[in-house]
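Right, one structure below, let's go through it.
The values are calculated or read from the model by the stated rules, or taken from the named source; none is laboratory data. Only a predicted model underlies this, so the values are computations on that prediction, with no experimental measurement involved. Cβ placement follows ideal geometry from the backbone for every residue including glycine, while neighbour counts extend to all protein chains displayed. Heads up: the accessible areas ignore ligands, DNA and RNA and are worked out on the full protein's heavy atoms, side chains in. Shrake-Rupley method; radii C 1.70, N 1.55, O 1.52, S 1.80 Å.
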Amino acid sequence: MCGVVGFIGSENTAEILFNGLKTLEYRGYDSAGLALCQNNSFHILKAVGKLENLLREMQKNSSLAATMGIGHIRWATHGAPSLANAHPHVSNDGKTVLVHNGIIENYKELKADLSAKGYRFSSDTDTEVAVVQIEDELKSAASFPQAVRQAMQKFRGAFAFLIMNKDNPQMLVAAKRNAPLLVGRGEKGMMAASDVPALAGHVSKFAYLD
């Protein structure tokens, strides 16, 4: 079981995401990672093992002042625990980044179709297939959220996504099917997460997505 957390607002994004992931440790995990958006650029931090290893990566990049980001703790289901398989995963063009809780049952079929189109994959995960599928949908979709909707129509299984796109620097998309995901609003920003504890202290209102 994995956990996801996302934030967009005016507070210290990296710290909020890390503390949110700490509250989700009970779900079990073998790697962790963050994607921080600063000045329309993504900064990806990953570590295998405990969150303390991710904290060390954050300390090396303490100058990052992101106002939006997503985080993840992973329990390996597709591929061994490794930096390559750890979330977040990034599209081939580097414009879209995604974290994922759940399983995409038909990812092998989708991966074969995307590979035939020339896309490349660097992990063993179903998650990387999801972010590349969204990249492909962006070529025809009218908007970033619409591309996510189009991609989700092709996925079978139970999953929750948090997604960012460089061409939409003020937008964090949360989407799910048959997996827990909440969104919350606070004075200094909005959050999304797998479970309530990750939102504590930062939001005044929250709701489970249907």
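The single residue among ARG74, ARG56, ARG27 that is basic (Lys, Arg) and within 12 Å of the chain's Cα centre (by Cα) turns out to be ARG74.
Annotation: of all residues in segment 41-73 being over 30 Å from GLN170 (Cβ atoms) and open to solvent by less than 50 Å² (accessible area, probe 1.4 Å), the one that is modelled with the highest pLDDT is ASN53. Of the listed requirements (1) without any contact (Cβ under 8 Å) to a residue 24 or more places away in the chain; (2) among the polar types (S, T, N, Q); (3) farther than 24 Å from SER41 by Cα, ASN178 misses just one: (1). Applying a threshold of 8 Å to beta carbon distances and a minimum spacing of six or more residues, or different chains, the list of pairs starting in segment 90-115 at a residue that is farther than 25 Å from PRO180 by Cα and ending at one that is open to solvent by less than 60 Å² (accessible area, probe 1.4 Å) and at pLDDT below 95 reads GLY94/PHE42.
In segment 5-30, the residues that are within 19 Å of ARG185 (Cβ to Cβ) reach residues that are of a type in the set (Phe, Trp, Tyr) and not in a helix (DSSP H, G or I) with C-beta atoms within less than 9 angstrom, at least six apart or across chains, in these pairs: THR13/PHE7; ILE16/PHE7; LEU17/PHE7; GLY20/PHE7.
Being modelled with pLDDT under 95, closer than 24 Å to ARG74 by Cβ and touching a helix residue (DSSP H, G or I) at 6+ places or on another chain (Cβ under 9 Å) is the requirement here; does LEU209 meet it? The answer is no for LEU209.
Looking at ASP167, ASP136, ASP210, just one residue is among the acidic types (Asp, Glu) and touching a residue at least 60 places away in the same chain (Cβ under 8 Å), and that residue is ASP167. Scanning segment 189-206 for residues that are of a type outside the set (D, E, K, R), surrounded by fewer than 18 Cβ atoms within 10 Å (Cβ to Cβ) and more than 13 Å from LEU17 (Cα to Cα), which turns out farthest from the chain's Cα centre (by Cα)? Among those that are of a type outside the set (D, E, K, R), surrounded by fewer than 18 Cβ atoms within 10 Å (Cβ to Cβ) and more than 13 Å from LEU17 (Cα to Cα), it is SER204. The set of residues in segment 87-121 that are more than 18 Å from LYS139 (Cβ to Cβ) and in contact with a strand residue (DSSP E or B) (Cβ under 9 Å, 6 or more places away or on another chain) comprises HIS87, PRO88, HIS89, VAL99, HIS100, ASN101, GLY102, ILE103, ILE104, GLU105, ASN106, TYR107. For GLN38, the conditions (1) touching a residue at least 60 places away in the same chain (Cβ under 8 Å); (2) out of contact with any Pro (no Cβ under 6 Å at 6 or more places or on another chain); (3) surrounded by 15 or more Cβ atoms within 10 Å (Cβ to Cβ) all hold with the exception of (1).
Tell me, yes or no, whether segment 197-204 has at least one residue that is at positive phi and either free of Cβ contacts under 8 Å to residues at least 12 places away in the same chain or in a helix (DSSP H, G or I) (or both). The answer is yes; a qualifying residue exists.
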